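Below is one structure, written out as structure tokens; the observations come after it.
Here, each number is a calculation from the coordinates, and none is a lab measurement. Computed from a predicted structure; not experimentally measured. Heads up, the Cβs are rebuilt from the backbone with ideal geometry, glycines too, and the neighbour counts pull from every protein chain shown.
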Amino acid sequence: MTTFSEPADENTSNERQSTVYDFSMLSLNGEETDLEQFKGSVVLFVNTASKCGFTSQYRELQELYETYAGRGFTILGFPSADFGGQEFDADDEIAEFCERNFGVTFPMFSRISVRGEEQHPLFALLTNTPNPDIEGDIRWNFEKFLIDQQGNLIRRFGSRTTPMSPEMTGSIEALLQE
């Protein structure tokens, strides 16, 4: 079990956050969302993109959400255009695309940067926290960070790991049984 450390770059935020629950994010519909409301749940953080070869993973993400949401699990989607500009510019376009094409009902947030000089402090925290799977910067769209009920990073899955894979569902099942 890995606990979060503070972001490595002091310039990413005026205030230092030490857990994912210390952040407040803007949803796709413009509402400020305090991530502390997800404390006590198993949470999958995903950087998403609407025009990517992995975009079809939205379908399995929605299936994963529907399968486990009633047991204390949620998915938080964070659109990003960091990889080849594969995301719409406007949040309303992103929301419409996700709903129309994949029926997405899990929480989605305003487009942010997940790597580089403009990296959002939340993703600086996620990518700088040691874990047993992948270290360092996000390599592409649809990387996934699995957080336990106490806010610890348990697993990090690459883009090629599909949401309904046995590796993913097994990890979620194990956390939900704790």
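Mind listing the long-range amide H neighbours of L76? Cut-off is under 5 Å, sequence gap 5 or more, other chains count too, H placed in the peptide plane at 1.01 Å from N.
L44, F45, V46
Expressed as a rounded percentage, what relative contact order does segment 21-178 have, with Cα pairs under 8 Å and six or more residues apart?
28
To the nearest 0.05, what FRET efficiency results for Q37 and A90 with a Förster distance of 22 Å applied to their C-beta separation?
In this case the efficiency is close to 0.30.
Pop out the ³J(HN,Hα) list for segment 52-69 in order, Karplus 6.51 cos²θ - 1.76 cosθ + 1.60 with θ = phi - 60°, rounded to Hz; leave Gly and Pro as x.
Taking θ as phi minus 60°, the curve returns 10, x, 9, 4, 4, 5, 3, 4, 6, 4, 5, 4, 4, 4, 5, 5, 10, 4 Hz for segment 52-69.
Magnitude of the Cβ-charge dipole of the chain, K/R +1 and D/E -1, about the Cα centre, nearest 20 debye?
Dipole size: approximately 600 debye.
Please report the net charge: other residues with Cβ closer than 12 Å to the Cβ of R155, K and R +1, D and E -1.
Numbers: positive: K144, R156; negative: D133, E143, D148, E167.
With Lys, Arg at +1 and Asp, Glu at -1, the neighbours total -2.
Computed from these coordinates, which is Rg/Rh (Cα atoms, Kirkwood Rh): (i) 0.92; (ii) 0.98; (iii) 1.09?
(i)
Within the set of other residues whose C-beta is less than 13 Å from the C-beta of N47, count the net charge using Lys and Arg as +1 and Asp and Glu as -1.
Once positives and negatives cancel, what remains is +1.
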